[in-house]
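Here the structure comes first, spelled out in structure tokens, and everything after it is commentary.
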Amino acid sequence: MEKFLSVYAPHQGSDTFLAKVLNEVAEIIPRRGVVMIFTDFWSSKEEEEELMNALNHLKHERHEVVLFHLFSKKFEQDFELDQRPYILIDMETGEEMRMLPNEFKKYYQDAYTKGIKDLTLKCGDLAIDFVPLAIEEGYYEVLTRYLLKRQSLP
């Protein structure tokens, strides 16, 4: 019988918590398994490094890892905001940032594109499936495509 372990940790404050949980999961799963991680991947460079180390730990324990990157195509990828002032509030820290979209869009899109490219390469180096999951699409369509693709692989 298949066993599933689900870890849901809202508002823990950082990806460092996710890295800690993944390291624990790597140790408690008794044999090779598939670990699917759904995350928005917003983190600092230090937190990203800890998370990559935790993913590497899972791979070292011979688990198959699939990383689903949750994002909003409209707001995070395309940065489609009305041209008016905004106050962005970090949901985990409460930190506020004031911004005007037209002054920030190019910088943001360049940084976002570079970050996703770097993440894709790091996952490739670790033989981790990296699956973008736009929340506008819904999880069902993305998971179905991923599983069908995976089923057709030798």
- Accessible area per residue in Å² at 1.4 Å probe, computed on region 33-97: 62 Å²
- From Cα coordinates alone, what are the radius of gyration and Dmax values for the chain in angstrom? 17.1, 54
- Task: Would you mind checking which residues have amide H under 5 Å from residue 129's amide H? H placed 1.01 Å from N; only 5 or more apart, or other chain.
- Result: 65, 67
- Arranged from highest to lowest average of other beta-carbon atoms within 10 Å per residue, in what order do the peptides 48-55, 145-152 appear? 48-55, 145-152
- Taking Cα atoms only, helix 139-152 is inclined relative to the longest principal axis of the chain by an angle, in degrees rounded to 10, of 40 degrees
- Using mean Cβ contacts within 10 Å as the protection proxy, how do 123-134, 75-86 order, highest first? 123-134, 75-86
- Task: For residue 62 and residue 148, compute 0.36 nm times the residue count separating them, minus their Cα-Cα distance, and round to one decimal in nm.
- Result: 28.7 nm
- Message: Could you give each residue of region 94-100 its phi-based ³J(HN,Hα) in whole Hz, using Karplus coefficients 6.51, -1.76, 1.60 with θ = phi - 60°, and x for Gly or Pro?
- Response: x, 4, 10, 9, 8, 7, 10
- Per the Kirkwood formula over distinct C-alpha pairs, the hydrodynamic radius of region 88-154 in angstrom is 15.1 Å
- Message: Charges at C-beta only: +1 for Lys and Arg, -1 for Asp and Glu. How large is the resulting dipole of region 16-154 about its Cα centre, in Debye rounded to 20?
- Response: 620 debye
- Note on the structure: Once amide hydrogens are built 1.01 Å from N within the peptide plane, the residues lying 5 or more places from residue 40 or on another chain with amide H under 5 Å from its amide H are 70
- Message: Tell me the carbon and sulfur percent of the accessible area for the chain, rounded to whole percent, probe radius 1.4 Å.
- Response: 56 percent
- Message: Quick check: the angle from helix 15-28's long axis to the longest principal axis of the chain, C-alpha only, nearest 10 degrees?
- Response: 10 degrees
- Query: Can you list the lysines whose alpha carbon sits under 30 Å from that of residue 74, skipping same-chain ones fewer than 8 residues off?
  - Reply: 45, 105, 106, 114, 117, 122, 149
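The values are calculated or read from the model by the stated rules, or taken from the named source; none is laboratory data. Every value quoted in this text rests on a predicted model; they were computed, and no experiment measured them. No Cβ is skipped: glycine too gets one built from the backbone with ideal geometry, and neighbour counts run over all protein chains shown. Keep in mind that these areas ignore ligands, DNA and RNA; they rest on the heavy atoms of the full protein, side chains included. Shrake-Rupley method; radii C 1.70, N 1.55, O 1.52, S 1.80 Å.
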